[in-house]
Amino acid sequence: MSIPRNPTEQQRNFFQEVHEVVRLVPQGRVTTYGAIAHYLGARHGARMVGWAMMAAHTANEYVPAHRVINRNGLLTGKHHFATPTAMQEALETEGVTVVEDQVQDFKTRFWDPAVELE
DNA sequence: AACGTGACTTAGT
DNA sequence: CACTAAGCCACGT
């Protein structure tokens, strides 16, 4: 996949919404693509959230993309970082233990915007 | 325009 | 518990 060369207005808004939520994830906590999709109204699938994350590195403001993982606590997006280990290292710097691409104690690390932001 | 593919998820077998 | 199918939606070929 790739991000549009010339994003439409709607696409830019969508990217911004997703990035905005991701920026609200506290240090040392993680969330999932599905949770973000649900928080934004589920008007698009979790896949679209993942798609929006590809534009994270081009965003004007910093987006902690390493805090977004799949619903099983797996670092499915690690290959989109500068290096294959960047995502895990960023998480461990925040105190999140990762073993074999799996976030340990995921259930208590999970941060659901739909709940936390009410 | 059909088809494959993907930072996903849920339901069915 | 694992594996598959299907829903999802945008994009490149």
Counting helices only, and only those DSSP H runs with n ≥ 4, report the 222 nm mean residue ellipticity of chain A as the sum of -39,500 (n - 2.57) divided by its residues, in deg cm²/dmol to the nearest 500. -10000 deg cm²/dmol
State whether chain A is rounded, prolate or oblate according to the following rule on the C-alpha gyration tensor (a ≥ b ≥ c being the square roots of its eigenvalues): a/c under 1.5 gives rounded; otherwise a/b larger than b/c gives prolate, and the remaining case gives oblate. oblate
Where the only charges are on Cβ atoms (+1 Lys, Arg; -1 Asp, Glu), what is the dipole of chain A about its Cα centre, to the nearest 20 debye? 340
Neighbours of A:Phe106 by Cβ distance under 15 Å: Lys/Arg at +1, Asp/Glu at -1, summed charge -1
Can you tell which of A:Phe106, A:Ala65, A:Gly41 lies farthest toward the positive end of the dipole of chain A, using +1 and -1 charges on the Cβ of basic and acidic side chains (Lys, Arg; Asp, Glu)? A:Gly41
Top to bottom by accessible area (1.4 Å), largest first, where do A:Trp51, A:Trp111 land? A:Trp51, A:Trp111
Karplus (6.51, -1.76, 1.60) ³J(HN,Hα), θ = phi - 60°, over region A:107-118, in Hz, Gly and Pro reported as x: 4, 8, 7, 4, 10, 9, x, 5, 9, 5, 9, 6
Derived scalar couplings ³J(HN,Hα) [region A:91-104; Karplus, 6.51 cos²θ - 1.76 cosθ + 1.60; whole Hz; x for Gly, Pro]: 5, 5, 4, 8, x, 9, 7, 10, 10, 6, 6, 10, 6, 7
Report the net charge of residues surrounding A:Leu74, where surrounding means a beta-carbon distance below 15 angstrom and charges are Lys +1, Arg +1, Asp -1, Glu -1. +2
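The values are calculated or read from the model by the stated rules, or taken from the named source; none is laboratory data. Bear in mind that the values here come from a model prediction, so they are computed numbers and not experimental data. Note that each Cβ is placed from the backbone with ideal geometry, even for glycine, and that neighbours are counted across all protein chains shown. Remember, those area values only see protein heavy atoms, side chains included, never the ligands or the DNA or RNA. Shrake-Rupley method; radii C 1.70, N 1.55, O 1.52, S 1.80 Å.
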